[in-house]
There are 2 protein chains.
Amino acid sequence: MDEKKETGKLLTRAVEKKIIKIIKENYMQPGDKLKNEYELAELLNVSRGTIREAIKSLISRNILEVRQGAGTFVSNKNGVPEDPLGLTFISDIKEDKKVALDLLDIRLMLEPEIAALAAVKGTTKQIKTMLEQCKIVEELIKKGEDYREADILFHKRIAQCSGNRVIENLIPIINSSVSLTINLTEDVFRQNTYKEHRAVAEAIASGDSLGAKCAMIVHLNTNRRGIEKNFSKK
Amino acid sequence: MDEKKETGKLLTRAVEKKIIKIIKENYMQPGDKLKNEYELAELLNVSRGTIREAIKSLISRNILEVRQGAGTFVSNKNGVPEDPLGLTFISDIKEDKKVALDLLDIRLMLEPEIAALAAVKGTTKQIKTMLEQCKIVEELIKKGEDYREADILFHKRIAQCSGNRVIENLIPIINSSVSLTINLTEDVFRQNTYKEHRAVAEAIASGDSLGAKCAMIVHLNTNRRGIEKNFSKK
């Protein structure tokens, strides 16, 4: 790479960092609109071309997103990249079941502990949001609709109650990967899901730490058996 | 985006997938050299421009890497992106300690269980590699050199003994993040580290599942206290 190109790259990286700083210092949330190219170029004292390059890179990092004709916004992907666990290289058709079970084993290590923490540490507001999400999943299941995304959000809400900021990002990463490898839509399974969710949610809401942990183990065990069953039919 | 651009993008994505397929079907390992642009264009029946675009994207996804003048190779980053946990948005100066402890709490949920699994499931070859890495870390520590990368690799080797392919990628992600937020270089800490590593390694090698789990808890607890101490001095 020639020197000029290298310098341009370093400048772009510096501008990316400054834009991230603007987002953080202004407590901007997912969906908030970023200043336009012209304003940013003025503010950061660089060319509009450099701003464009930096924005392009922040989009590829899932930090910003463009809505056609409306402008550039803070992405709701929280800067979590696609395929954060590098599964592209792990999974192949033969190994799908193995990967699904490996992911579930990780959930079994993490989520019961997280549920226990959530029961102790969740704020009133966090627990209210978690209970609401529990209801949303239940309604989707009863209507026979696709509840996978809502389900992941429910587990994320529990993680938020735990107060561990990293877990909050990690749980959706692992759970989305599970739903990539498997599709659990059987009726028996759907019925179990919302009852088990409710048991977890109620234990957390009543501050019953050990109860929440056990209820989560029961729920994940149903998922685990679902995966076994799902693959044995293929 | 106009239609032509959109079609080009879809074609590039398809070519990316085909290149990944070539890597997987030929069991190519990190460091293996990819066919050149011309050969790939011929093989996949697309233009060299499309190949170039696809390779550029695979580089940004940490699946491939370019070595100047030598060609394009399979990256040793295993397709794991930078900042997989989206920490850019979580950590700021005030919260560094919180994030470091949050990451360590996740390690405490995962690694003792993984050590226990490793003692039961590790193959002779995996355990040999793990023991060798244990020795490498010990030697670096005794020489007073930087052992952080070697340390992460030791924990990855344990994860490999567990047989869980996803854990194998997840542990380095979490552990690298810890070393980004904190630098533990005190002498007392260094001495403890290699003795504790050895205790974990020996328990795994002798198939002592509960012993390995407990030894890992002890080790991570030292890390946890180190973080507390490190930040209280600032």
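Nothing in this text is a laboratory measurement; each read-out follows from the coordinates by a stated rule. Because the structure is a prediction, the values reported are computed rather than measured. No Cβ is skipped: glycine too gets one built from the backbone with ideal geometry, and neighbour counts run over all protein chains shown.
For helix B:3-25, report the angle its Cα long axis makes with the longest principal axis of the Cα atoms of chain B; keep it between 0 and 90° and round to the nearest 10°. With rounding to tens, the tilt is 60 degrees.
Placing a label point 7 Å from Cα along the Cα-to-Cβ axis, B:Ser47 is separated from the same position in the other copies by 2.5 nm, shortest listed first. Here is how far apart the B:Glu132 label points are across copies: 5.6 nm, shortest first, using a point 7 Å from Cα toward Cβ.
Note on chain B: with a GNM built from Cα contacts shorter than 10 Å, the maximum mean-square fluctuation among B:Val99, B:Val80, B:Val46 falls on B:Val46. Here each label is just a point 7 Å from Cα along the line to Cβ, and for A:Glu202 and B:Arg52 those points are 6.4 nm apart.
Toward the positive end of the charge dipole of the range A:91-230, with +1 on the Cβ of Lys and Arg and -1 on the Cβ of Asp and Glu, the farthest Cα among A:Leu104, A:Ala215, A:Gln126 is that of A:Gln126.
Separation of the range B:193-234 from the range B:53-74 is 38 Å, based on Cα centroids.
For the protein assembly as shown, give the magnitude of the charge dipole about the Cα centre (Cβ charges: +1 Lys/Arg, -1 Asp/Glu; no others), in debye to the nearest 20.
Details: 78 positive and 68 negative charges, 19 e Å.
With Lys and Arg at +1 and Asp and Glu at -1, about 100 debye.
Note on chain B: with a GNM built from Cα contacts shorter than 10 Å, the maximum mean-square fluctuation among B:Ala199, B:Ala159, B:Ala41 falls on B:Ala41.
Using R₀ = 25 Å, calculate the FRET efficiency as 1/(1 + (r/R₀)^6) where r is the Cβ-Cβ separation of A:Thr124 and A:Tyr27; round to 0.05. It would help to have the intermediate numbers written out before the result.
Values: r = 22 Å, r/R0 = 0.87.
Given R0 = 25 Å and the Cβ-Cβ separation, E is 0.70.
For chain A, what does the relative contact order come out to in percent, with C-alpha contacts under 8 Å and a separation of six or more? Don't jump to the answer; show the numbers that get you there.
Values: 258 pairs, mean separation 45.6, N = 234.
Relative contact order for chain A comes out at 19 percent.
For the protein assembly as shown, what ratio Rg/Rh do Cα atoms give with a Kirkwood hydrodynamic radius?
Values: Rg = 23.5 Å, Rh = 24.4 Å.
Expressed as Rg/Rh, it is 0.97.
Could you tell me what % of all Cα pairs in chain A have separations over 26 Å? Write down the numbers at each step before the final one.
Working: 13557 of 27261 pairs.
Taking all Cα-Cα pairs of chain A, the fraction more than 26 Å apart is 50 percent.
With the simple spin-label model, which puts each label point 7 Å out from Cα in the Cβ direction, the A:Glu82 to A:Ile59 separation comes to 1.4 nm.
Remark: spin-label model distance B:Phe231-A:Thr222 equals 3.7 nm, labels positioned 7 Å along the Cα→Cβ axis.
In the assembly of identical copies, A:Ile22 has its label point, taken 7 Å from Cα in the direction of the beta carbon, separated from the corresponding points by 4.1 nm (ascending, one decimal).
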